[in-house]
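Before any comments, here is the structure.
A short reminder: the numbers here are calculations on the coordinates, not readings from a lab. Values in this document were obtained by computation on a predicted structure and should not be read as measured data. Glycine gets a Cβ as well: all are built from the backbone with ideal geometry, and neighbour counts include every protein chain shown.
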Amino acid sequence: MLRCLIVDDSPPFLAAARGLLEREGVAVVGVASTGAEALRRVAELRPDVTLVDIDLGGQSGFDVVRLLNRDADVSAARLILISTHAEEDYAELIAASPAAGFLPKTALSAAAIRGLLGRHEGGQDGDGQVTGRPGT
């Protein structure tokens, strides 16, 4: 079972996302609302994937992803940025970040997470086709 940590500063979103993902077979092992809390929770829980909101109140989710990747020694393949904003609004920042990719909050699902992780790690996509990272 995929173990997930969600980093977001909105308690209603955290509750809704946890409920949705758990109904779809993802174990949400914890939540965090700040970068510092995310670092502690990742070190403590060692989730398989960490979802990080781009806008964490006064803190940038891009900074949090970089900190997690560097300080918590989390594989970039296990970090996914999420947001209510359109991907196009942040395309360059997303591409430059160490995260595996981006999911809009409206498209959040266990299948979307697994698909993104599989594509980033050179696994199979939803059609069973072997995929890889660009340039590999």
*Cα shape, the stretch 1-56, gyration tensor, a/c 1.5 rule*: oblate
*Do any GluC sites (Glu not before Pro) in the stretch 1-97 lie in a DSSP loop with no more than 16 other beta carbon atoms within 10 Å, and if so, which?*
GLU24
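What's the magnitude of the charge dipole for the stretch 3-120 around its Cα centre, counting Lys and Arg as +1 and Asp and Glu as -1 at the beta-carbon? Answer in Debye, nearest 20. The partial results should precede the final answer.
Details: 12 positive and 16 negative charges, 100 e Å.
The calculated dipole for the stretch 3-120 is roughly 480 debye.
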*Amide H of ILE82: which non-local residues (sequence gap of 5 or more, or other chain) have their own amide H closer than 5 Å, using H built in the peptide plane?*
VAL52, ASP53, ILE54, LEU103
_Total formal charge among the other residues, if their Cβ is under 14 angstrom from that of ARG46, Lys/Arg +1 and Asp/Glu -1_ = +1
*For percent of Cα pairs over 21 Å apart, several values are listed as [x] 35; [y] 46; [z] 30; flag the one computed from this structure.*
[x]
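With n ≥ 4 as the cut-off for DSSP H runs, can you work out [θ] at 222 nm for the chain, using -39500 (n - 2.57) per run divided by the number of residues, rounded to the nearest 500? Display every interim value, and only then the final one.
On the way: 5 runs with 52 residues, N = 136.
When only DSSP H runs of four or more count, the value is -11500 deg cm²/dmol.
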*So what are the ³J(HN,Hα) numbers for the stretch 109-114, from phi and the Karplus equation (6.51, -1.76, 1.60; θ = phi - 60°), rounded to whole Hz, Gly and Pro as x?*
6, 4, 5, 5, 5, 4
_Distance (nanometres) between label positions extended 7 Å along Cα→Cβ at HIS85 and SER109_ = 2.6 nm
